[in-house]
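Since every read-out is calculated from the coordinates, none of them should be taken as a lab result. Predicted model, so just to flag it, every value in this text is computed and none were measured. For neighbour counting, all protein chains shown are included, and Cβ atoms are generated from backbone atoms with ideal geometry for every residue, glycine included.
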Amino acid sequence: MPQILVIEDDQEIGQIVRDILARAEHTVDVVEDAEQGLATFEQNRPDLVITDLILPEKDGV
């Protein structure tokens, strides 16, 4: 099952994306900022990262 990391500071959008991907039987982690995203990426090594480009403190790039 593909592992996907979603980095999204808007909780509502993050939940919507999680729900859609989970229905397609993907394992999904949603975090709210770039620092958490980097830590989660290092720990879990997801197959795909979906990120918001405008995040607090660091951008999604």
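Summary of values
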| item | result |
| --- | --- |
| About the Cα centre, charge dipole magnitude for the chain (Lys/Arg +1, Asp/Glu -1 at Cβ), debye | 320 debye |
| Added length on full extension, which subtracts the Cα-Cα distance from 0.36 nm per residue, residue 41 to residue 12 | 8.3 nm |
| Contact order relative to length of the chain, as percent, for alpha carbon pairs under 8 angstrom and 6 or more apart | 44 percent |
| Neighbourhood net charge (13 Å Cβ-Cβ; Lys/Arg +1, Asp/Glu -1) for residue 19 | -1 |
| Taking only Cα atoms of segment 20-61, radius of gyration then Dmax in Å | 10.9, 32 |
| Residues in segment 15-54 reached by a label modelled at residue 61 [backbone nitrogen below 18 Å; 7 Å Cα→Cβ] | 34-35, 38, 50-54 |
| Using θ = phi - 60° and Karplus 6.51 cos²θ - 1.76 cosθ + 1.60, couplings along segment 37-53 (whole Hz; Gly, Pro as x) | x, 5, 5, 5, 4, 4, 6, 9, 6, x, 6, 8, 10, 10, 10, 6, 7 |
| DSSP-loop GluC sites (Glu not before Pro) across segment 1-40, with at most 12 other Cβ within 10 angstrom | 25 |
| In degrees, nearest ten, helix 11-23 long axis to first principal axis of the chain (Cα) | 30 degrees |
| Computed helical MRE - 222 nm, the chain, DSSP H runs ≥ 4 contributing -39500 (n - 2.57), nearest 500 | -12000 deg cm²/dmol |
| Given charges at Cβ of Lys, Arg, Asp, Glu: the chain dipole, positive-most of 1, 44, 21 | 1 |
| Residue 6 long-range amide H proximity, modeled H, under 5 Å | 29, 30, 31, 50 |
| Candidates per trypsin sites (Lys or Arg not before Pro) in the chain, loop by DSSP, up to 16 other Cβ within 10 Å | 58 |
